[in-house]
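Novice: Following this message is one structure expressed as structure tokens.
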Amino acid sequence: MNLPSLHPHLTRLRGSGVVVAVSGGGDSVGLLRALHACSDAFQLRLSVAHLDHGTRGEEGQEDARFVADLAAKLGLPFDLGHWRATRSGHFEADARTARYSWLASVAQTRACRFVAVGQTLDDQAETILHRIVRGTGLRGLAGMPLRRRIGDGVILVRPLLSVTRLEIRDTLKTLGQDFREDSTNRDTARTRSRIRLELLPQLAGQYNPNVAEALVRLGQIAAEAGANLERLARDRLAEIRLEASPDRVVLDLPALTRRSQSERLDLLRLAWREAGWPESAMDHARWRRLASLGWSKLSVGAGIEAEVTDDRLILSRRVASIEILSNEPIPLPVPGWAEWDERRIRVVVGNEEICDEWVDLDCLKLPLTIRAPEPGDRFEPLGLGGRSQPLNDFFRGRRVARGDRSSVPIVCDQAGIVWVVGHRIAHRVRLTGNTINKAGFGCDSEP
């Protein structure tokens, strides 16, 4: 591994606490050894964190023991977390969210500013190619950023994005440092694994032996172009934006109409983002419909309403219902359902209906109620091993905008929060090997 190539990243970390996420695989072990070798020179305060996803039984437990032993040999503190999937068909997305939320919590507990992960140049190439195959725009082509915020005061960093997997393996061989291979990485049922094991080797063998480097260069060009376009869009948005707040954005309609549809789309995306509204509910079709301006009133998505007047485009956040503003808890029967702010929250027992989450029925302290978040709320989210955190910290980790938090329904029992609707259940009601009776939670947008 070329340690000088890490120097710019390490300079930014100088004098800071860093939680190193280590799975036990070669990349994360290589990252740990590299940071440990440089820790004195850059005054790094390191700790090691490992999250067991509970999918590989004894093999996963062996990974955890391996990482704990390695941390002990290096004289570093070690944190072990446990997470279990609760939704079928959402494993990868849920696992990634749980992992970063847990890592952010560990960093906050250890007063560390940074969390370092071992993604490499090869991972970046796979990410970019994966997005190309699925369909992406300029932002998606940029790949993974070197740094991004994952929690209150916590920054995720990827120091190895300019280092190849082969360089890391060669360095570990020189050091005599072993590591563990995750058997699921060879599972070609997963698209990402097929890209790594089949598509990229085929492209390298038949078209370009340096295809990974070419893809990463494309990502760097896309990132630079995207940054330049965003700077231009900010200048243009400042010219046409008449009003901006977390609840309302007003744009000059004639000025917006004079732009091409692609320019309008970029300006609307930027105005939306700067208002702090969630983008996850907005797919490309919704953005295009909004940018078409071929309507007078439109329910855009994510609780945002749009209206066109003679000379204004008005985007406004839908005001919460009277029940939410009064914050009176609503009983939620088991089984049964209750309406909450134009949503129907339901509970089923003992069958296999499609549900968002499943919990251990015998762990619930009935009765259940639905309410809005309250100041001082604490939550024990699945994935933190039973540790609690302020609900606002959980929302920050999930990147829920401050203005949206009061409208997130909270399902509670007599012991506290059971389900933050649309996000996570509590650790104490999770399914385990001892579960006998299950209850399923669901939320339908329109009752």
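The values are calculated or read from the model by the stated rules, or taken from the named source; none is laboratory data. For clarity, every value in this text was computed on a predicted model and none was experimentally measured. Heads up, the Cβs are rebuilt from the backbone with ideal geometry, glycines too, and the neighbour counts pull from every protein chain shown.
Novice: Of the conditions (1) touching a residue at least 60 places away in the same chain (Cβ under 8 Å); (2) in the same structural domain as TYR100 (by TED's automatic domain parsing); (3) surrounded by 18 or more Cβ atoms within 10 Å (Cβ to Cβ); (4) not charged (D, E, K, R), GLY219 satisfies every one except a single condition; which number is it?
Specialist: Status for GLY219: all satisfied but (2).
Novice: Considering every residue within the stretch 124-133, establish whether at least one is in a loop (DSSP other than H, G, I, E, B), assigned by TED's automatic domain parsing to the domain that holds GLN202 and either more than 19 Å from SER162 (Cα to Cα) or modelled with pLDDT of 90 or more (or both).
Specialist: The answer is no, given that none of the residues of the stretch 124-133 is in a loop (DSSP other than H, G, I, E, B), assigned by TED's automatic domain parsing to the domain that holds GLN202 and either more than 19 Å from SER162 (Cα to Cα) or modelled with pLDDT of 90 or more (or both).
Novice: Something else about it: Before we move on, is GLY205 free of Cβ contacts under 8 Å to residues at least 12 places away in the same chain, small (Gly, Ala, Ser), assigned to a loop (DSSP other than H, G, I, E, B) and loosely packed, with under 13 Cβ neighbours inside 10 Å?
Specialist: Judged against the criteria, GLY205 is not a match.
Novice: Working only within the stretch 177-196, note down all residues that are in contact (Cβ under 8 Å) with a residue 24 or more places away in the chain and of a type in the set (Lys, Arg).
Specialist: Selection gives ARG180, ARG190, ARG192, ARG196.
Novice: Right, here's the next one. Being in contact with a Pro (Cβ under 6 Å, 6 or more places away or on another chain), assigned to a strand (DSSP E or B), at pLDDT 75 or above and not aliphatic (A, V, I, L, M) is the requirement here; does GLU307 meet it?
Specialist: no
Novice: While we're on this one: Does the stretch 28-80 hold any residues that are of a type in the set (Asp, Glu) and either assigned to a loop (DSSP other than H, G, I, E, B) or in contact with a helix residue (DSSP H, G or I) (Cβ under 6 Å, 6 or more places away or on another chain) (or both), and which are they?
Specialist: Within the stretch 28-80, ASP40, ASP52, ASP79 qualify.
Novice: Which one of these is touching a residue at least 60 places away in the same chain (Cβ under 8 Å), charged (D, E, K, R) and assigned to a loop (DSSP other than H, G, I, E, B): ARG428, ARG387?
Specialist: After ruling out the rest, the residue left standing is ARG387.
Novice: What number of residues in the stretch 405-423 are in contact (Cβ under 8 Å) with a residue 60 or more places away in the chain and buried (at least 17 other Cβ atoms within 10 Å of the Cβ)?
Specialist: Within the stretch 405-423, residues that are in contact (Cβ under 8 Å) with a residue 60 or more places away in the chain and buried (at least 17 other Cβ atoms within 10 Å of the Cβ) number 6.
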